[in-house]
Amino acid sequence: MENFVNKVKLRIFRALVFAILSMGCSPTTTYDLVVTTTFLGDLSSQIAGNDLSVYTLMKPGVDPHLYRATAGDVDRLINARLILYNGLHLEAKLTEVLKKLGDKAFAVAQAIPRDRLVMLDEFGTADPHIWWDPQVWLFVAEAVYEKCASLLPPSQHSNLQERYHQVKQEILRAHQEALELFESLPPERRVLVSAHDAFQYFGRAYDFTLKSIQGISTITEANTRVIDELADWMVSHRVPTAFFESTISPRTIKALEEAIRNRGGEFTLGGELFSDSTGSEKGTETWRGSFLHNVHIIHQALLRGNNAR
């Protein structure tokens with residue numbers, strides 16, 4: 001039965017490809033590099049510079065867990081020289097399309113040593129939100145550099161390498177800024193409550209206790225039982241602060257607030273965090289901008305609050 005289903009999926013994909021190509025022999029623009037997420041788009045564009053053309057499928061504010069390929073996306077993917085995607089099931093709705101594109105589609109998470117991944121269970125399932133630990137993100141930067149180098153003649157590698165080293169230094173400086181800022185945040189206040197479980201890497205890097213309403217993927221729906229249990233925990237541990245996210249409706253955080261107040265507890269909205277996408281406004285449209293935005297929002301909210309484990 002499984003083989004039959006896979007054959008049907010393959011036929012559907014081939015039919016979609018044929019239909020797209022029948023509309024026109026080539027896309028309006030062919031790109032050297034097509035990437036999926038905004039974080040990968042920023043990283044790839046910085047390293048590639050003007051030597052390679054880069055196209056990012058997802059726009060700021062788009063949830064990669066739920067994103068589906070459009071006909072235009074498939075067109076660009078087919079005609080790209082190289083495709084970079086996050087992997088670890090982040091782009092869940094794109095999985096079948098990416099698998100059919102063969103070796104030119106590369107999951108950057110493959111470049112991360114297994115012991116640096118956050119493992120979720122005994123079956124080897126890993127958290128896909130790899131960009132929130134700068135030291136993990138460095139492995140991705142190296143992989144992007146190597147993949148870009150494979151598309152360019154050796155005569156252009158020196159400029160590429162220079163840009164790569166600049167990106168590395170930028171990532172390390174952002175990490176150092178976060179470390180220094182969180183030194184002023186007592187351990188008992190390092191409690192991060194968010195809309196979905198996107199900050200495991202961040203929590204590990206900066207020693208935070210993490211709680212969330214939804215799981216690793218936003219495909220899973222929040223339910224009343226989870227919200228009630230989290231509200232009980234926050235009230236009993238005197239943790240009043242929670243954060244909403246740019247790619248998720250704030251309704252779950254509002255439901256959490258109502259549940260906490262019904263229990264006689266205090267609630268403070270910590271602010272908006274970027275989780276699965278960069279921001280769209282100037283200063284937040286890059287990995288660095290989104291990362292440092294989160295660092296400062298979390299630090300300010302928890303420093304003035306009275307979170308206690």
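Count, please, the residues in segment 114-141 that happen to be part of a helix (DSSP H, G or I) and either in contact with a Lys or Arg (Cβ under 8 Å, 6 or more places away or on another chain) or in contact (Cβ under 8 Å) with a residue 40 or more places away in the chain (or both). Going through segment 114-141 one residue at a time, the tally reaches 11. Checking Ala259, Ala231 one by one, the residue that is in contact with an Asp or Glu (Cβ under 7 Å, 6 or more places away or on another chain) and either surrounded by fewer than 16 Cβ atoms within 10 Å (Cβ to Cβ) or at pLDDT 95 or above (or both) is Ala259 and no other. Filtered by the rule that a residue be touching a Leu at 6+ places or on another chain (Cβ under 7 Å) and either outside the structural domain of Gln161 (by TED's automatic domain parsing) or under 19 Å from Gly87 (Cα atoms) (or both), segment 35-49 gives Val35, Thr36, Leu40, Ser44. Look through segment 197-225, keep the residues that are assigned to a helix (DSSP H, G or I) and not charged (D, E, K, R), and return whichever of them is modelled with the lowest pLDDT. The residue in question is Thr224.
Restricting attention to segment 208-228, the residues that are under 17 Å from the mean Cα position of the chain (by Cα) and touching a residue at least 60 places away in the same chain (Cβ under 8 Å) add up to 4. Pairs meeting the criteria (first residue in segment 183-207 and on the phi > 0 side of the Ramachandran plot, second residue at pLDDT below 95 and not basic (Lys, Arg), beta carbons under 9 Å, at least 6 apart or on different chains) are Asp207/Pro187. Scanning segment 262-307 for residues that are surrounded by 18 or more Cβ atoms within 10 Å (Cβ to Cβ) and of a type in the set (A, V, I, L, M) yields Leu273, Leu292, Val295, Ile298, Ala301, Leu302. Hey, does segment 227-238 have a residue that's in a loop (DSSP other than H, G, I, E, B) and in contact with a His (Cβ under 8 Å, 6 or more places away or on another chain)? No: zero hits.
Looking only at residues in segment 69-88 that are modelled with pLDDT under 95 and in a loop (DSSP other than H, G, I, E, B), which one is surrounded by the fewest Cβ atoms within 10 Å (Cβ to Cβ)? The residue in question is Thr70.
Considering Leu172, Leu185, which residue is closer than 30 Å to Arg304 by Cβ, surrounded by 13 or more Cβ atoms within 10 Å (Cβ to Cβ) and not assigned by TED's automatic domain parsing to the domain that holds Ala48? When all the criteria are applied, what remains is Leu185. The condition of being in contact with a His (Cβ under 6 Å, 6 or more places away or on another chain) and within 30 Å of Leu40 (Cβ to Cβ) holds for Thr284.
From the list Gly102, Gly124, which residue is out of contact with any helix residue (DSSP H, G or I) (no Cβ under 6 Å at 6 or more places or on another chain), exposed (fewer than 14 other Cβ atoms within 10 Å of the Cβ), of a type outside the set (Ser, Thr, Tyr) and farther than 19 Å from Gly215 by Cβ?
None of the others qualify; the one that does is Gly102.
The values are calculated or read from the model by the stated rules, or taken from the named source; none is laboratory data. Please read these numbers as outputs of a predicted model, since none were measured by experiment. Cβ coordinates were reconstructed from backbone atoms using ideal geometry, including for glycine residues, and neighbour counts include every protein chain displayed.
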